[in-house]
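The values are calculated or read from the model by the stated rules, or taken from the named source; none is laboratory data. What you see is a predicted model; the values in this text were computed from it and never measured. All Cβ positions, even for glycine, are placed from backbone atoms using ideal geometry, and neighbour counts span all protein chains on display.
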Amino acid sequence: MMDAYGERLGPGATVGPYVVERLLGSGGMGRVFVAASPTGRRVAMKVIREEYAADPRFRARFAREVEAARRVSGAYTASVIDASTDGPLLWMATLFVPGPSLADRVRDRGPLPEHEVRVLAYELAEALRDIHRVGLVHRDLKPGNILLTDDGPRVIDFGIARVNGTDRLTRTDALVGTPAFMAPEQFVSGAGAGPTADVFALGGVLTYALTGAAPFEGDNPYAIAWHVVHGEPAPLAGTGPLHALIGRCLAKDPAARPTPTEILELLRESAIRPPATASAEDAPPVPERERKEEDQTGQHHAVPGRRPRRRVALGAGALLVSLALGLVAWQQPWTGRGDKGQGAADAAPSSTVPAAAARWTTKLPSDVGHCTATDDLVLCESQKEAVTAYDARTGRRRWGTPRTRDNSVMLTVSPKRSLVIVAEGNNLIGTGAWERQVLRAVDLTTGSDRWNVKAPMGRSAVLSGSDLVVGSAFGISGRNVETGAETWDRTTSSSAPAYPRMVAGAVVTLRPGRGAKRLRAVVERIDPRTGEVRWSRDLPSPDVSWAHQSDKDSLGIEVWNSEMTRMTEYTRFDTSGTRRASHEIDPPQTAGEEPGTIVFGPTWKVVRDRVKGRLVATGLDDGTVRWQLPIAGSDADPYIDAKGRIYVLRANRTLVCLDGAGGRELWRSEPVRTSEPRPSGGGSHLTVRADGVVFAAVGKRTLAAFEPPGRAGASG
């Protein structure tokens with residue numbers, strides 16, 4: 001029999017219906033390859049070594065791994081695409097998107113900040129809840145089996161998972177696992193490992209993420225096992241809800257450990273979700289609807305809502321990678337649909353589409369966050385600096401202002417007053433941390449502070465004359481933009497969050513309902529000088545967000561269901577408070593009930609359908625399909641500008657510009673050459689000036705300017 005890892009599994013070899021492209025990783029029992037399906041979809045394929053495939057006991061274990069992985073379906077766990085468990089070659093295929101393991105992340109860059117570990121704890125508790133709900137126990141939760149993606153962690157490798165309450169498969173299966181992250185009962189002869197063993201492992205994983213070391217260590221596995229059963233975990237520096245949670249998870253008595261559901265409740269009750277941050281990679285996940293949008297002045301404002309959408313897939317890691325995330329193959333040419341969605345007409349081939357080249361590219365000092373632009377400058381948040389300014393014409397770095405707190409976010413920019421407003425805060429959320437949060441006005445020419453005042457961490461802000469209106473998690477307030485002095489305030493620990501923005505010269509604010517009380521959300525117009533409410537309108541749900549729309553003269557509002565996974569309505573008001581339109585939204589169903597991305601034109605919407613890998617444009621009034629185009633899972637989310645043009649940054653760093661109304665490709669750029677991974681968040685790392693010049697982060701530390709074809713003059 002030919003070696004499974006010889007020529008037969010080299011590039012171009014076939015395994016089932018898949019064609020092998022390259023080796024991704026290897027371990028003692030098998031290897032993982034990147035392969036392509038007959039339709040071009042890329043998968044991560046785990047292939048077992050033939051010597052193990054010939055062992056009946058191992059075959060039973062592998063079949064159990066596949067069965068276990070298929071049973072689990074959740075935001076942070078896996079779903080299997082295909083597998084073979086009874087042929088001469090054992091394999092399992094999952095969608096593929098690269099992502100480092102938690103072990104790799106800590107090894108390469110050190111322990112995670114505490115706010116990231118808090119979010120990780122919440123997400124892994126959700127994963128364990130999903131695993132346990134179907135009657136499984138993972139039994140090998142460890143940093144190497146947790147993949148970090150831009151959509152959150154993924155729990156992988158169900159190779160030793162078993163049904164709760166069943167006996168071990170064989171005696172050789174008795175002590176499988178990783179000693180430093182195993183529960184005491186897993187080492188005790190005859191003791192079963194139930195769901196509480198996974199909770200113990202979670203405590204170890206969180207300790208590792210926070211400190212870079214496991215809670216129990218020793219010179220060999222036997223020494224580690226002794227410490228797990230008889231010793232105490234290494235003490236953690238610091239105190240707080242996270243530290244208390246880790247201590248409870250590492251309790252020797254399984255009955256004393258919290259359940260995943262109790263962990264979720266504890267994290268909610270302790271209010272330890274982090275605030276929005278500027279960093280694309282190192283920032284904790286923040287509500288996706290807190291992405292920035294441009295208003296008519298080119299300013300950006302955060303919009304409220306949910307956590308980042310999650311691609312329904314699993315990342316690929318080192319050694320025994322069981323599951324991997326997927327890339328839907330980009331189809332060329334893009335295909336447009338008729339007004340009634342019947343028949344297809346090929347879009348202009350790429351050779352006839354106007355081409356744009358990157359006017360310039362520049363390297364950033366650290367991982368990029370949100371960017372915006374004025375006529376002269378491109379302003380970007382980054383991991384190390386609150387704001388970095390680049391010359392819009394050349395890309396040359398003008399200045400940078402360092403962060404003074406853990407987190408920072410640009411709130412608004414005023415070219416007329418030559419300043420940018422920045423909010424900064426520490427990781428703790430709550431009224432007790434207000435004294436550690438500040439508001440800064442940074443000079444656009446020099447990068448130095450004009451003023452710096454203590455204030456609750458802002459989420460969005462607008463300027464109206466000399467009045468600065470700032471929305472935070474605890475309400476809304478007014479300040480003098482020249483001095484930072486407070487002029488009025490509706491900010492208290494019991495106030496609802498507020499998201500102000502400027503629409504057609506009016507200052508309006510959106511206030512979602514408070515979570516526990518489930519009050520209705522409201523939209524209101526306020527006097528920027530006094531804070532007085534001019535008018536207020538109730539909205540049909542407590543869960544709302546500003547819409548991503550091209551119409552900058554109306555108040556576009558997205559209404560969501562209680563889980564913030566599906567938009568149910570899109571409504572528009574004018575600045576007098578009159579409702580101008582209301583449309584029920586029926587987007588394509590997305591796998592796992594995950595939210596899609598929807599952008600709105602005057603009479604149409606464009607939805608990203610993640611299941612079928614397409615953009616779908618439909619009329620708002622009649623729901624008729626206007627056009628459809630394929631979009632890869634690895635491509636960024638669509639971004640819409642003030643003229644209804646839609647931009648998509650493809651995985652190969654090609655920027656595509658579309659006519660939103662008809663789906664026609666207006667222009668595309670040449671690919672930008674960089675080996676860097678692209679930042680997460682898609683449209684939040686792209687901004688379009690009024691003249692059509694596009695500035696986009698094509699890599700985590702690479703910014704590029706794209707000149708539309710036919711535009712006279714140079715950038716800036």
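Screening Pro595 on (1) crowded, with 18+ Cβ neighbours inside 10 Å; (2) modelled with pLDDT of 90 or more shows it passes everything except condition (2). Reported count of residues in the stretch 30-68, each being under 22 Å from Val20 (Cα atoms) and of a type in the set (Lys, Arg), is 5.
Restricting the first member to the stretch 657-678 and to residues that are farther than 15 Å from Arg359 by Cβ, and the second to residues that are outside any loop (DSSP other than H, G, I, E, B) and at pLDDT below 85, the beta-carbon pairs closer than 6 Å and six or more apart or on different chains are Gly663/Gly336. Considering the stretch 477-486, and only residues there that are surrounded by 18 or more Cβ atoms within 10 Å (Cβ to Cβ) and not charged (D, E, K, R), the residue that is nearest to the chain's Cα centre (by Cα) turns out to be Ser477. Annotation: Asn220 fulfils all but one of (1) at pLDDT below 90; (2) in contact with a His (Cβ under 9 Å, 6 or more places away or on another chain); (3) of a type in the set (S, T, N, Q); the unmet one is (2). The residue list Pro542, Pro528 contains one member that is at pLDDT 95 or above and not in a strand (DSSP E or B), which is Pro528. Flag: Ala255 matches the condition of being over 22 Å from Arg109 (Cα atoms) and surrounded by fewer than 19 Cβ atoms within 10 Å (Cβ to Cβ).
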